[in-house]
There are 2 protein chains.
Amino acid sequence: MKIVTYPLKGSWPMLCRRPASDYTDVDPVVREILGRIKTGGDSALRFFTEKYDGPIIRKFRVPAGEIAGSAALVAEELRSAILTAKENIAKFHRCQIPGTAVVETYPGVSCWQKSVPVETAGLYVPGGTAPLFSTVLMLAVPASLAGCSRIILCTPPEKDGRIDPAILFAASVSGVTDIFTAGGAQAIAAMAYGTESVPRVDKIFGPGNMYVTRAKEMIQLDGVPIDMPAGPSEVLVISDNTGNPSFIAADLLSQAEHGTDSQVLFLTDTPEMITAVKSEVENQLEDLPRKEIAAKSLENSMLILMRSIGECVGFSNFYAPEHLILATSDPASLSESIRNAGSVFLGKYSCESAGDYASGTNHTLPTGGFARNYSGVTTGSFMKTISFQEISGDGLRSLGPVIERLAEAEQLHGHRNAVTIRLNSLSNVRS
Amino acid sequence: MKIVTYPLKGSWPMLCRRPASDYTDVDPVVREILGRIKTGGDSALRFFTEKYDGPIIRKFRVPAGEIAGSAALVAEELRSAILTAKENIAKFHRCQIPGTAVVETYPGVSCWQKSVPVETAGLYVPGGTAPLFSTVLMLAVPASLAGCSRIILCTPPEKDGRIDPAILFAASVSGVTDIFTAGGAQAIAAMAYGTESVPRVDKIFGPGNMYVTRAKEMIQLDGVPIDMPAGPSEVLVISDNTGNPSFIAADLLSQAEHGTDSQVLFLTDTPEMITAVKSEVENQLEDLPRKEIAAKSLENSMLILMRSIGECVGFSNFYAPEHLILATSDPASLSESIRNAGSVFLGKYSCESAGDYASGTNHTLPTGGFARNYSGVTTGSFMKTISFQEISGDGLRSLGPVIERLAEAEQLHGHRNAVTIRLNSLSNVRS
């Protein structure tokens, strides 16, 4: 980890630059996959699945019997942990369903808005060295609470063509209605355009590698919305002299082990903390099974000494971290100043892995600085808003002339006439 | 207008197809504009502004004096109508700021989320035959209520290089901080990438022609979010035998006059209403200044006779109209069944132009079927959500083992260790 001491504000943009993502080689590949799935459907999906994942998948849909049988294949302790996590996620996400309040904006003019679920949600859960059942929960629980009538899940097969039972179990307890054995950009394309097997979805959610991310970004041009562009994971920890260096080091490493392109930052106003955290990171790194990955991502990472905790927060808002840990003496008041972050963890016992798995907040979060302008996944991400209005005769009598004047000034006489014709009829009624 | 009688469900997808948008010629032009603004900044912006709008703009920023002086150039009656509309829009959009509620998801585990404004909002207001000051209000009022610190407005110049005083006045009363004389795809590019004059914004909002729309869609690939893809305007009116044919005809025409590619649909269960509305449309069309435009868009439009009002609503949910008018005897209960629509108008006095201008709801709405998966602009569109959590020592004692088990099963030992190291320290404290 690089140590940076009292950086001038002019250097912040350079310090906030993420390890570069170069899509030059990725884009043409993704474009070809999108095009071929669009026209070729299942057979193209089968081709790319074999090419990238290995197995030849005859039926993409995972049979109901296999899903129902998954529980028996998952250790009881893990099942119960998954259910606890699911409950907590549900408790937090249930409160995010927006209510409907009627506002009388003008006498006789009532307006309200209502959130309605998108009909079909498409969830993507990436493959990897281990089954990411936690991502299943983070996407399916809010989709289900939002009320989506179909919740489609795509995830790549293992070498033997199967999907890990823990994934199937998590899907079965959190409301997923259809599971398909497909991964990568080809799965995103299948959900965006539909194939013989995979239904076309209304919106696509979930993390993935560069190919998945670019596929998600590109299908927006075909009118399919996505949760957010997602990139390598990152954490920023702020601490004063009250921080516990070994806790902080563990948090930095828990993020660094994600991938070689992850980035972790530690910011403090206390010089001694820099050395203490650095040496703890080095110690703990030794015992980590994913040591090589973590060591590589630590090369992209920094320990930064600032003039004050306030300046640390200023830098953090500029950096816009996916995860932000406030390991300071008064994190609550500090948290009021946070403008740009995906998820914030307050105090020394709020470790990031709690939010990754089980505290209830969502772990599908904007990375790479996108916390400046994107939200993480919420229940509202699976809904859209419809506005409503009801205007009484008296309401139109009073507001009508205003509308007529505005429509007139925009030279839209048809717009004006829709009011005038009603006002004339109202004055006939009155006379 | 084409009359369609009792269409079978199998024909709905065909009937719901919008007048085609063909981007084949548009995309390369837009791609070139984006690329040249990205590298050329102001000088490229000046080039394209001259090419597409005519005037050579020396300074893109509209001087403060010109903005301040705009009020005096707007008729008093129009100023007062703009202010009334602004008040109503503010009343409705003020209620959309989400609150913050703390949820204890597990003993000792508190989670909450907070909505925070994006820092810099970029608003686009298209040019045209008349100044669209209403769009200024619809975008700037919620941006300002959300708390965006900079609200940038781009709008194309008139032939003489100036911007209409009504636009400037609306901007000045609704919180716009910077106004730039630039339009089209080049203005979208300027806000997405920044130029010497135009600051880079965090999110881009507002309607526009095909070039503007495609530019907005494409800049998403560079990580700049947009409100929604917007296309030609549309309205769907549902009425039973209690509807007033002349009101309905006026509503259909108010939408048809927008552009030749607009589409208007009338659905009813009453055969007599089809003929009555058709003849009223033909009558009223004669007196419309934008008669030619409206007549052309009526060619894309339909009067559809259905078996029941329930079937009308079913079709409407399938079509997902931008605007939906329920001119039936009991619109309130009917509105409960609406799943896909931008904005809904209940009853015979709720004409669409009320929502376009002054009732308080937003007129920046998803078109072309996008109401299935996109929301119209709300105050929340200018904000992002940040989640927070605080876990006590006791909270981690009880939830920690669950997190450890889940992290272990995903083979993320660093994640588990961040918990273990804390649990160990807690048990040392206890012993």
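Assorted remarks:
- Backbone amide hydrogens, once placed in the peptide plane, bring A:G206 within less than 5 Å of A:Y124, A:D227, A:M228, excluding anything fewer than 5 places away on its chain.
- Among beta bridges that DSSP assigns inside chain A, antiparallel share in %, nearest 5: 25
- Annotation note: trypsin sites (Lys or Arg not before Pro) in region B:31-128 located in DSSP loop regions with a Cβ neighbour count of at most 12 within 10 Å are B:R58, B:K59.
- Largest mean-square fluctuation among A:I179, A:I403, A:I386, in a Gaussian network model of chain A whose springs join Cα atoms under 10 Å apart, belongs to A:I403.
- Computed FRET value (nearest 0.05) for A:T39 with A:S333, which takes r as the C-beta separation and R₀ as 51 Å: 0.35
- Build a GNM of chain B with springs between Cα atoms under 10 Å apart, and of B:A354, B:A409, B:A371 the one that fluctuates most is B:A409.
- From the alpha carbon centroid of region B:283-329 to that of region B:8-59 is 28 Å.
- Neighbour net charge for B:T135 - beta-carbon separation under 15 angstrom, K R +1, D E -1: -3
- Placing unit charges on the Cβ atoms of the charged side chains and taking the dipole of the protein assembly as shown about its Cα centre, the candidate lying farthest along the positive direction among A:G184, A:L265, A:I97 is A:G184.
- Cα-based convex hull, region B:322-431, per residue volume (Å³, whole number): 199
- Computed over chain A, relative contact order equals 20 percent, with contacts defined as Cα pairs under 8 Å that lie 6+ residues apart.
- Structural descriptor for region B:303-431: relative contact order 17 percent, calculated from alpha carbon pairs under 8 angstrom and at least 6 residues apart.
- Each copy carries a label point for B:T24 at 7 Å from Cα toward Cβ; from one copy, the others' points are 3.2 nm away, ordered from shortest.
- Placing +1 on the Cβ of every Lys and Arg and -1 on the Cβ of every Asp and Glu, with nothing else charged, gives the protein assembly as shown a dipole about its Cα centre of roughly 160 debye.
- Position A:E311: other-copy label points at 7.3 nm, ordered by increasing distance, label point 7 Å along Cα→C-beta.
- Taking the longest Cα principal axis of chain A as reference, the axis of helix A:309-319 is set at about 70 degrees.
- Partner shielding of A:253-265 amounts to 2, given as the average count of beta-carbon atoms from other chains within 10 Å of each residue beta-carbon.
- Prolate/oblate/rounded call for the protein assembly as shown, Cα gyration tensor, a/c under 1.5 rounded: prolate
- 0 to 90° range, to nearest 10: angle between helix B:413-430 axis and chain B longest Cα axis: 50
- Summing Cβ point charges (Lys, Arg +1; Asp, Glu -1) relative to the Cα centre of region A:141-235 gives a dipole of roughly 80 debye.
- For residues of B:109-119, the mean tally of beta carbons on other chains within 10 Å: 6
- The relative contact order of region A:26-228 comes to 28 percent, based on Cα pairs under 8 Å that sit 6 or more residues apart.
- Between 0 and 90 degrees, the angle of helix A:184-193 with respect to the longest Cα principal axis of chain A falls at about 10 degrees.
- From phi via Karplus (6.51, -1.76, 1.60), per-residue ³J(HN,Hα) for region A:200-212 in Hz, x at Gly/Pro: 5, 9, 8, 7, 10, 10, x, x, x, 6, 4, 5, 5
- Coil-residue GluC sites (Glu not before Pro) of region A:327-431, DSSP, other Cβ within 10 Å capped at 15: A:E336
- For chain B, accessible area per residue (1.4 Å probe, heavy atoms of protein chains only), Å²: 36
- Heavy-atom surface analysis with a 1.4 Å probe gives region B:144-262 a carbon and sulfur content of 45 percent of its accessible area.
- By Cβ position, the chain B residue that hugs the axis carrying B onto A most closely, with its distance in whole Å, is B:Q220, 3.
- Between A:P107, A:I167, A:P157, the Cα set farthest toward the positive side of the dipole of region A:26-228 (charges on each charged residue's Cβ, about the Cα centre) is that of A:P107.
- Surrounding net charge for B:K384, when Lys and Arg each add one and Asp and Glu each subtract one, Cβ distance under 15 Å: -1
- Rounded, prolate or oblate (a/c below 1.5 giving rounded, otherwise prolate when a/b exceeds b/c) for chain A by Cα gyration tensor: oblate
- Cβ-based net charge around B:I248, under 12 Å, with every Lys or Arg adding one and every Asp or Glu removing one: -1
- Per-residue mean of C-beta atoms belonging to partner chains within 10 Å, peptide B:373-386: 6
- Buried accessible area, chains A and B (both chains, 1.4 Å probe, Å² to nearest 100): 10200
- Relative to the other identical copies, A:E158 shows label-point distances of 7.1 nm, where the label point lies 7 Å from Cα along the Cβ direction and values run shortest first.
- Anisotropy class of region B:26-228 from Cα gyration tensor, a/c 1.5 cut: oblate
- Alpha carbon centroid spacing (whole Å) that separates region A:354-431 from region B:136-161: 17
- For chain A, the mean residue ellipticity at 222 nm estimated from helices alone is -14500 deg cm²/dmol, where every DSSP H run of n ≥ 4 contributes -39500 (n - 2.57) and the total is divided by all residues, rounded to the nearest 500.
- Alpha carbon centroid spacing (whole Å) that separates region A:211-229 from region B:95-134: 22
- Rounded to whole Å, sorted largest first: equivalent-ellipsoid semi-axes of region B:130-285, Cα gyration tensor: 37, 17, 15
- What you get for region A:26-228, charging only the Cβ of Lys and Arg (+1) and of Asp and Glu (-1), is a dipole of about 180 debye around the Cα centre.
The values are calculated or read from the model by the stated rules, or taken from the named source; none is laboratory data. From a predicted model like this one, the values you see are computed outputs, not experimental measurements. Quick reminder, even Gly has a Cβ in these numbers, built from the backbone with ideal geometry, and neighbours come from all protein chains shown. Ligands, DNA and RNA are stripped out before the accessible areas are found, and what is left, the full protein with its side chains, is counted by its heavy atoms. Shrake-Rupley method; radii C 1.70, N 1.55, O 1.52, S 1.80 Å.
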